[in-house]
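Below is one structure, written out as structure tokens; the observations come after it.
The values are calculated or read from the model by the stated rules, or taken from the named source; none is laboratory data. Note that this is a predicted model, so its numbers are computed, not measured. Positions of Cβ are backbone-derived with ideal geometry, glycine not excepted, and every protein chain shown enters the neighbour counts. Just the protein is used for accessible areas: all its heavy atoms, side chains included, with ligands, DNA and RNA removed. Shrake-Rupley method; radii C 1.70, N 1.55, O 1.52, S 1.80 Å.
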Amino acid sequence: MGKRKILITTVVTLLFLSILTNGMIIMVPLVKITEAADITSWMDTNTTINVTVETLEPIINWYDFQNSTSVSKLNTWIDVEEQYKFVINITSDQGWADVDYINITTWYDNGSESTTYNNSGNLGGNLNLYLQYENETGNANWTMLWPDDEVIFNPVDCIETVVDAYTHNLTFVFTPRNQTRYAPGDGAWDTNAGHNDTKSWNFNITAEDSSGYKSYEIDEYGLYMYSRITQVADNPLGSGAPGDNNIQLSPNATVTTQCNANYSLSTNFPNLTRAGGGYWILNTSLSAAGGNLSRNNFDGSNPLYIWGTNTTYRPHLNDTYTDTVDVTYWVNITIGTLPGNYSSTITYSLNGQV
């Protein structure tokens with residue numbers, strides 16, 4: 001039997017479309033002929049998913065607390081009777097017309113970060129401040145809601161700058177007056193944002209829209225001590241003969257003070273010297289009363305305290321601009337005192353509690 005050659009071939013079956021053209025039949029393949037191969041994976045990046053996240057509340061992008069020359073005063077001290085400003089950049093994704101209020105409250109924390117803004121009771125205008133921007137159909141309404149006159153605030157000083165239809169810059173301007181509470185801080189300012197230094201002025205900036213959605217930022221600053229005797233009215237006068245006692249001098253001395261901390265106030269003077277010199281009336285011959293001082297004699301060297309003592313203090317007055325007190329003096333004229341005019345310079349000492 002002879003050998004048989006076996007031819008092994010690959011058969012490809014094709015599908016054709018018959019097209020009759022000018023009496024001729026043209027066979028057109030329906031698929032492209034390709035060589036067989038393994039396709040183990042495929043990747044396509046021609047489509048995307050798009051999600052829009054809306055921010056409902058106005059967003060405080062940045063803020064600062066500055067002096068009049070735009071130097072930041074966050075976490076440091078400011079002065080009374082100087083102008084300062086809160087500068088804020090705010091965006092509303094719903095458009096600026098959706099913004100309703102921007103509120104700024106600031107308060108002395110009284111040594112505890114749990115203290116909050118509170119203008120009730122004895123927490124008066126020298127411990128709390130409340131400024132507000134109201135967006136009334138596109139018109140800015142700037143208001144100081146608290147206090148009445150312990151802080152200087154004029155709406156015309158405030159500034160609104162339009163960045164675009166969604167973002168505005170707001171500048172609130174105010175001046176703390178002389179009895180705005182002294183705030184030394186806790187001795188080492190933490191420069192991070194937040195309420196993290198006791199004995200400071202804390203503040204809260206809150207942005208609110210027409211639906212009540214809110215966002216806020218918090219921070220703080222300090223305030224230097226201020227103490228001053230602004231006026232001493234009237235020079236107490238009196239007359240009598242040797243041997244006369246309990247001579248009340250008239251008029252009373254009126255002492256007007258300002259201090260933004262707890263404080264003491266005392267009176268003292270050396271011996272009264274006769275005009276022309278050489279003779280005097282000892283200061284132990286005089287007594288005084290006023291404030292929380294009941295009538296008491298001078299001991300010759302130590303002052304008499306009208307408010308407080310050398311170790312205790314009159315509480316800071318937080319709902320007034322000044323403190324006024326009348327002081328009454330009496331003198332005893334000892335037998336043997338030569339006639340003449342005797343005088344001495346009174347020294348009033350005002351000391352704030354550090």
If you plug each phi of segment 56-65 into the Karplus form 6.51 cos²θ - 1.76 cosθ + 1.60 with θ = phi - 60°, what whole-Hz ³J(HN,Hα) values come out, in order, with x for Gly and Pro?
6, 8, x, 10, 8, 6, 7, 8, 7, 10
Förster radius 22 Å - calculated FRET efficiency between residue 74 and residue 116 (Cβ-Cβ, nearest 0.05)
0.65
Out of the total accessible area of the chain (probe 1.4 Å, heavy atoms of protein only), what percent is carbon and sulfur?
50
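Hey, with R₀ at 35 Å, roughly what FRET efficiency would residue 214 and residue 47 work out to, going by the Cβ-Cβ distance, to 0.05?
Numbers: r = 38 Å, r/R0 = 1.09.
That gives a FRET efficiency of 0.35.
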At R0 = 41 Å, FRET efficiency that the Cβ-Cβ distance of residue 186 and residue 295 yields, to 0.05
0.50
Taking alpha-carbon centroids only, segment 151-184 lies from segment 85-124 a number of Å equal to 12
How far apart, in nm, are the 7 Å Cα→Cβ label points at residue 302 and residue 67?
4.2
What longest range of the chain stays clear of loop-exposed trypsin sites (Lys or Arg not before Pro) (DSSP non-H/G/I/E/B, at most 15 other C-beta within 10 angstrom)?
33-354
Note the full-extension length gain between residue 56 and residue 143 as 0.36 nm times their separation in residues minus their Cα-Cα distance, in nm to one decimal.
28.8 nm
Which value, in Å² and to the nearest 10, is the accessible area of residue 211 when all protein chains are kept and the probe is 1.4 Å?
90
Binned Cα-Cα distances of the chain, short to long, each 20 Å bin given as a whole percent:
22, 30, 19, 11, 7, 5, 4, 2, 0
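Could you sort 64, 157 by accessible area so the largest value comes first, with the probe set to 1.4 Å?
Correct descending sequence by accessible area is 157, 64.
Quick check: residue separation of residue 244 and residue 344 times 0.36 nm, minus the Cα distance between them. What number comes out in nm?
Details: separation 100, 0.36 × 100 = 36.00 nm, distance 1.94 nm.
Difference between extended and current length: 34.1 nm.
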